[in-house]
Amino acid sequence: MRSSIDRFLPGILSVMEMTIHSPAFMLMYRYLALIPLPHLPKFSYMSRLSVTLGVSDLQFLPTFLESCPNLKSLIMESNSNSKRMLLNGNYHINFSSVPKCLLSSLEFVDIKSSILVYVARMKLVKYFLENSTTLKKLTLRLALRLQYCSAKDEIVKKLRKFPRISKTCQVGIVFD
């Protein structure tokens, strides 16, 4: 398996845009986790990453982003396992590192999520706001019906309280 990835990875290191889903993301993460940080292969040309992840995959995101030093735009979406994991309480998110792209190049983050993965995604939103020095816009898209107006108000209040390291960052909330 590793030799297959060794042959595959050099062929995609020069991509400018990537769309990746949870199984492929986890396969690449497991491969990258075996490599010491200074020797991590770099997606140096990648400026846009679209990724579909489960709640359990979120903890691996900083390590993966470390291999994308010039990333400008990150689009994230929840996969179908996220709902089940949150209902069962089977998730844990702990971000202990800040990838280079958050400090030097990341300008746009778009998080698409159902309200059921709201708790985990709010930790993610807070992480980006507190650590992305070049962030211009963070958009949170939540699947939430009109009858849940008090929940909408609570989400907006919570977002306003999060500190932002980027003074120019705008936060947008879209209720689908």
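Just so it is clear, none of the values below were taken in a lab; they were calculated from the coordinates. Worth saying up front: this structure is predicted, and the values here are computed from it rather than measured. Cβ sites come from the backbone with ideal geometry, for glycine too, and all protein chains shown count toward neighbours.
So if we plug the beta-carbon distance of SER14 and LYS157 into 1/(1 + (r/R0)^6) with R0 = 35 Å, what FRET efficiency do we get, rounded to 0.05?
The pair SER14/LYS157 has a calculated efficiency of 0.20.
If Lys and Arg each add +1 and Asp and Glu each add -1, what is the summed charge of the other residues whose beta carbon sits under 10 Å from the beta carbon of LYS72?
Local net charge: +1.
Aspartates and glutamates within cross-link reach of LYS136: Cα-Cα under 12 Å, excluding same-chain residues under 8 positions apart?
LYS136 reaches GLU107, ASP110.
My understanding is that a pair violates if its Cα-Cα distance is over 30 Å; which of LYS42/LYS152; LYS42/LYS158; LYS42/LYS157; LYS42/LYS161; LYS42/LYS137 do that in this structure?
As for pairs spanning more than 30 Å Cα to Cα, those are LYS42/LYS152; LYS42/LYS158; LYS42/LYS157; LYS42/LYS161.
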